[in-house]
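Worksheet: one structure, shown below.
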Amino acid sequence: MRAVFRLIAVVVVALVATPVLAGPWGGLPDAVARLQVNPANGAAEAVVAEAEESVVFEAKAGRLPVVAVLQEVYASLVTRLPDGEERVRRLHERIAAALVVYGSAHPESDFSNAAAAWTLAAGYDRTSPAVDLLRRTLLPPVDPEDGAVWTAPIDGASLVFQPPSRVRVGCSEIDRRCRENEVYFRWVEVPGVWIESTEVSNDRYRGCVEVGVCSPPKDDFRFNNSDRGSEPVVGVTWRQARSYARWAGRDLPSEAEWERAARGKELRWRFPWGNARGTGLANVWDGPLVGGGPLAVGSFPPTGWGVHDMAGNVWEWCEDRYRLGFKDLPADGSAMASGWGRSVRGGSWRRDIDLARVSARSWYEEGYRADDLGFRCAMSDSSEVSDARVLSIAGRAFPVDIEPGRELYGADLSIEDRRYLERRAITWLVLEERAADAVLQVASLLRRDPRDRVAIDLLEWVEQELVDEAQAGHLTTVRELRTGYLEAVSGIQRLEPRLQETNDRLLAALRVCGESFARRGERDTAASCFEEGLRIAPNDAAFRRGLESLVPKPGELRTWPPTAKTWHGFRAVPFDSVPPRETGKRRLTSCRPRTSSLADSGLIAARSPTQSTAGVSMPAPVRRPVVATPTTIRIGRLTPCCG
């Protein structure tokens, strides 16, 4: 903390040393102070007005990160004046007007930047025309015709309008193969809804991953295969599906909305195409393509109002919590909010055609994923979407990307003003202890002046943060910090000895990390520390020995401290984190030794440090914390759990 305060002092001295008359931004703090003393000070008013013109100029040029930074600086200083809030409001109106003009002049040549300009304008002024521009851009047309098709601008999805209808949700009238969770049907008034004509494909989902909003599927075999881009994305959890839907400005459909789209125009049919089971109409297990896996979206003819693959191919996540019947299904077509897990609809290529009926349903836990589980999105009628929701969608889809260290890139600023604004930004980064962002500011400063005093002090602080995070085992932060650090110092000859010294300190910290976590029995974290060291120094023998020491050897005795941990499938994990075995389900969610333990079979023996070695039974698989005492375990033959 002392180093932080010293660094702040250096930055403050640099700020004070900035010439007051060099430009409006360097002189703005002094001008505001003079206006607080004398509101009629004409020279100070001129500085404030020049700063306002600077922001508006950047808005007209479409330099959105610069606008965001300058506006924040202006507002933080000028609000100290008695009429400060009114001044900020007037400036916001001028900025919004300039951004609307800029965005409207570049809607086709640079759509994303134009939409981001409107989003920023609407944030500054809710009465701005930017709000209506965003509504027309992000939402489908109002009062559409039945079956109308609209292409979403964010991800290019085609959505089909399903007209409002009174729908019998659940078992079809003439269906004799309904299961227990379908028979208790309910009549529901489903309002008009837009639903995607196909399931979300790998290519569309990749767009969300590339902007950093969505995480890739756990099993990315299909996802990373360029030949499978048109197949539905699979292996995504309900949470991942919802993240995509929110990024795209849509939702997951409720069960009522999904079934309304599946039934199409003939609301009494058992299947999307009619009452007959048929063949070759869906990708199901007992179809002509047995066991072939997911097919490209839209491989079968559309049904109803123009939607594809409502039967088979992959199960589709819905918004609803699952209940056995429809007694508690809302009558307005919205999702069930109470129950367990999340509902899925449509059947899949792994299931027979009976599970492709429009009323067939199942459920999974929110964190479940499988190679026959995907999703599609839906969207309410535009007239029902509030302005606040539109701005929320726009903010997620078109954020103003402010990259630390490059916030002022391209700005029309004097050298002194730029220097003042950079020093000010550094002050806040240090106060908030945001080392990962601060190191990018270091890179920006050192590119211009390798001897910059503030940059060198900031570099020293980042180096210490790097070592501290490594010793604490925060390896994700270490990688992020080190990447920025290398960017800052690489190529600067006079800093090469410093780079080598920091690498040596970092490697020493990673050795301490691995050894300390190994002593505490946290083998996964210890292994990660050693592996990170090998990534930096591949030939380091100490890290290799550390990794080898974590591999249990037959007959080895190892003492574990009282950390409320116990052995589970040859891996020490908190016992209350083990999920229970589900009953009445086709899938197995946990793999764990039976009550007749590994110790009973001679694989593991346990004893207290003061007692003789004897075989003991493993704890019964129940969900409760286990209070452990220091125990030595003997590792026997390494036989995998559960076959």
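Brief remarks on what is shown
- Segment Asp332-Gln493, extension gain: residue separation times 0.36 nm, minus the distance between their alpha carbons: 51.1 nm
- Each residue of segment 254-271 was assigned a 3J(HN,Hα) from its phi angle through the Karplus curve 6.51 cos²θ - 1.76 cosθ + 1.60 (θ = phi - 60°); the sequence is 6, 4, 5, 5, 4, 5, 4, 5, 5, 6, x, 7, 9, 6, 9, 6, 7, 10 Hz, with glycine and proline shown as x.
- Taken along the Cα-to-beta-carbon direction at a fixed 7 Å, the label points for Ser549 and Arg268 span 7.7 nm.
- R0 of 41 Å, Cβ-Cβ distance Ala40-Glu501: FRET efficiency to nearest 0.05: 0.10
- Estimated from the Cβ-Cβ distance and a Förster radius of 30 angstrom, the FRET efficiency linking Arg166 and Val213 is about 0.25.
- A simple spin-label model places pseudo-atoms 7 Å from Cα toward Cβ; at Ala49 and Arg179 they are separated by 7.5 nm.
- Those trypsin sites (Lys or Arg not before Pro) in segment 216-271 that DSSP places in a loop and that have at most 13 other beta carbons within 10 Å: Lys218, Lys265, Arg268
- Take the Cα of Asn275, step 7 Å toward its Cβ, do the same at Ala33, and the gap between the two points is 8.7 nm.
Read the figures in this text as sums done on the coordinates, not as results from a lab. Source: prediction; values computed, not measured. Neighbour counts run over all protein chains shown; Cβ positions are idealised from the backbone, glycine included.
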